[in-house]
1. Please rank 58, 299, 269, fewest neighbouring Cβ atoms within 10 Å first, as an exposure proxy.
2. Along Cα→Cβ, 7 Å out, is where each label goes; now give me the distance between the ones at residue 53 and residue 209 in nm to one decimal.
3. Which ordering of 385, 55, 2, 161 is given by a fewest-first count of other beta-carbon atoms within 10 Å?
4. Given the stretch 9-64, what whole percent of its Cα pairs are spread farther than 12 Å?
5. Sort out for me the Cα centre separation of the stretch 298-344 from the stretch 237-253, rounded to whole Å.
6. Using Cβ contacts closer than 10 Å as the measure, can you line up 276, 423 from fewest to most?
């Protein structure tokens, strides 16, 4: 019997989304023995890490076993470790005849500029962390991780420990969550079948009895910050990472279970956290959150963003994104999420940008019988979406055409119909009248 060791590759049986058997190639990351039976922790090559799992030997195709080879060191560019290539941007081709609106757009101001990152305060990184392929990945130029409030991981500290999920299950209020990724909870808690969290203060506890005892003493029934938005059962709370350090750190720990390409910082001082909750008679239950730097040199209005799995695919992610741009509007700025985004985050942002921009374009009225006109800058000012994101979205939707010496936007039947269907399904929206938010000038350090 050939012994399977860490680093081996072979096909492993799994069910796909249609519940059909498939045998993708997988790498063995770890081997353990439980009750005299060997278990193998596998990562499916070219699949997201959240699908990694422990499998039994009967799911392994031993006939195609590949033993690990000694790899040459990854070549570096500009002294930076090479990284895995990002997935290619999907192309959209619209062949439907155009209907209605063609909008001339200015040619100038569309070129992307690469702004060098500015040096700043160093902060301790703890572990690997979040999200997606960025729109900027097509530039082909790796950018150094920023040393300000960035939560982007450079992946250079990845090791076999942080590549493996370490928490089996989390109980948060009435939900049980299966983590997708590693999160640096204390080592002694990782062997527990269930990790218990107080859903209001997010404190982690090792048993149900400890949680019940904690709940008799915990007075919180909502996140420990200022409620700056409420409409119906949805509320948003603003939490200062310096004033509510323990809560912020606990929030980062649970978020890290579901975000893979961000670094977790124990120094939460430079960040604000905006927690979205749903209210019922028992209290304000956390649905998701986003964090942002108090001061961003690169116009980032979101550092990390997460909708907890029980609330995904219900419109809450788009609501979080919409709220982040409403804050930018009040601040009088344009904003963009910190890159890279996760696969799910990129889909959410692309969808939000597309719907927001199409909403504006379809609302334009002809001017004296002429085609309506709008500039990229005007779209950016109305939406607070950064100009580069507006351009990348228009290109992604394949709307920009060059006609008789000028750029025009052509909305096809398919685009218009698809947008109308999407907006019909989008019931959750932010009402700016319900937002009570006063921006602070964080450049005055006294306010920290």
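Only the coordinates and a few stated rules stand behind these numbers; no lab work does. Computed from a predicted structure; not experimentally measured. No Cβ is skipped: glycine too gets one built from the backbone with ideal geometry, and neighbour counts run over all protein chains shown.
1. By the 10 Å Cβ count, ascending, the order reads 58, 299, 269.
2. Calculated label separation equals 3.4 nm.
3. By the 10 Å Cβ count, ascending: 2, 161, 55, 385.
4. Details: 992 of 1540 pairs.
Above the 12 Å cut-off, the stretch 9-64 has 64 percent of its Cα pairs.
5. Answer, in whole Å: 18.
6. 423, 276
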